[in-house]
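Down below is the structure, laid out as structure tokens.
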């Protein structure tokens, strides 16, 4: 019997910056670009949230044009900033810029075409990562005391993947094809703090030349580290791409969009973008003034991973040597709108090495991004963030299986 069962994990403990930095360094050391990016984006979120509540930054000179993007230039600036930050001469704002830029560079590594691409980008930021081993200087640590990280629900519960950020970037490119137009990719924390660097990196791979990725909180200072950036962007005719979690009403995206219209931006130069929980692409009422970019639920990568073709390949690759997959039965496409992990149940008909046929009753479900849980007896394993597990005997009996 096929179902669209959803599973919701228990409460996730909040972690402090010191722990996040330790995990970031460990991930970079082992070449795990995705994990390093997630921890860098999380660390940047901790510092940015505390910064917006504790201090203001001095105004910086207006930009003539958003600079051409590229991981090497950003990595070079990282080396200069990190060397000063770890000596304790800079405050909270500089730590924010360091961690934000590190997340932006690591997003490039996540989207690299090959492992060699990712390894090269990780190498380019090795000095910055190395400097983080000693943690946060005491003065900055005091400012961050009690500032925890809560994993955003989009990556914890909703099965978003980096490929979905790429899909959003492609949809934007279809509607805004001018590669020379300056573009501010602004993520609404917390989910947008992870989406924005990935979408910006994807736009760079689509040959957009002037892309800046930043994050903000609805209701907080818009861009406290660069208060003149919105005006600079407006003067050169740039666009604002607002990224957030799947909206209920669109109020958070609309509130930030209103800040830009108040600053003189035309409504059509503010583009809210988000992954939707349903297949409907109609904007929430609060966003109808603006052109929007929506990734329908059916186009999320999780739906392909839980489809028959992908699951068949995953199961076949996880079976013991000499065991052949004959068929997958009783599988339906995931559906529904609950904010939790998708899960489908199915049966796999297999032939053992001795020629005996048997039936495996299995469940496939999405895992929180970056999580690698231990498998239990009867589980096949994890492929592309999908746990393929044996179904509990009590459920099989309850279904009459």
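For (1) assigned by TED's automatic domain parsing to the domain that holds residue 161; (2) at pLDDT below 90, each residue gets a yes or a no:
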{"residue": "294", "(1), (2)": "yes, no"}
{"residue": "309", "(1), (2)": "no, no"}
{"residue": "312", "(1), (2)": "no, no"}
{"residue": "319", "(1), (2)": "no, no"}
{"residue": "336", "(1), (2)": "no, yes"}
{"residue": "342", "(1), (2)": "no, yes"}
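Scan segment 264-285 for residues that are in contact (Cβ under 8 Å) with a residue 60 or more places away in the chain and assigned to a loop (DSSP other than H, G, I, E, B) and jot them down. Once the filter is applied, which keeps residues that are in contact (Cβ under 8 Å) with a residue 60 or more places away in the chain and assigned to a loop (DSSP other than H, G, I, E, B), segment 264-285 yields only 277. Across segment 241-257, the qualifying residues are those that are closer than 17 Å to residue 214 by Cα and out of contact with any helix residue (DSSP H, G or I) (no Cβ under 8 Å at 6 or more places or on another chain), and the one among them that is surrounded by the fewest Cβ atoms within 10 Å (Cβ to Cβ) is 255. Entry remark, segment 372-401: residues being loosely packed, with under 15 Cβ neighbours inside 10 Å, modelled with pLDDT of 70 or more and over 17 Å from residue 317 (Cβ atoms) number 3 in total. Please work out if residue 92 is assigned by TED's automatic domain parsing to the domain that holds residue 211, at pLDDT below 80 and either at negative phi or surrounded by fewer than 24 Cβ atoms within 10 Å (Cβ to Cβ) (or both). Spelling it out, residue 92 is indeed assigned by TED's automatic domain parsing to the domain that holds residue 211, at pLDDT below 80 and either at negative phi or surrounded by fewer than 24 Cβ atoms within 10 Å (Cβ to Cβ) (or both). Applying the criterion of being surrounded by 14 or more Cβ atoms within 10 Å (Cβ to Cβ) and assigned to a helix (DSSP H, G or I) to the residues of segment 286-303, the residue that is farthest from the chain's Cα centre (by Cα) is 286. Scan segment 165-172 and tell me whether some residue there is closer than 23 Å to residue 21 by Cα and touching a residue at least 24 places away in the same chain (Cβ under 8 Å). Looking through segment 165-172, none of the residues is closer than 23 Å to residue 21 by Cα and touching a residue at least 24 places away in the same chain (Cβ under 8 Å). Residues in segment 97-106 include at least one that is more than 22 Å from residue 227 (Cα to Cα) and at pLDDT 75 or above.
Going by what's in this entry, would residue 65 be described as closer than 19 Å to residue 210 by Cβ and either at pLDDT below 90 or surrounded by 14 or more Cβ atoms within 10 Å (Cβ to Cβ) (or both)?
Criteria met by residue 65.
Without any contact (Cβ under 8 Å) to a residue 60 or more places away in the chain, closer than 24 Å to residue 44 by Cα, within 14 Å of the chain's Cα centre (by Cα) and in a helix (DSSP H, G or I) - does that describe any residue in segment 237-252? No, segment 237-252 contains no residue that is without any contact (Cβ under 8 Å) to a residue 60 or more places away in the chain, closer than 24 Å to residue 44 by Cα, within 14 Å of the chain's Cα centre (by Cα) and in a helix (DSSP H, G or I).
The values are calculated or read from the model by the stated rules, or taken from the named source; none is laboratory data. Remember, predicted model here, so these are calculated numbers, not experimental data. FYI the Cβ positions are ideal-geometry reconstructions off the backbone, even for glycines, and counts take in every protein chain you see.
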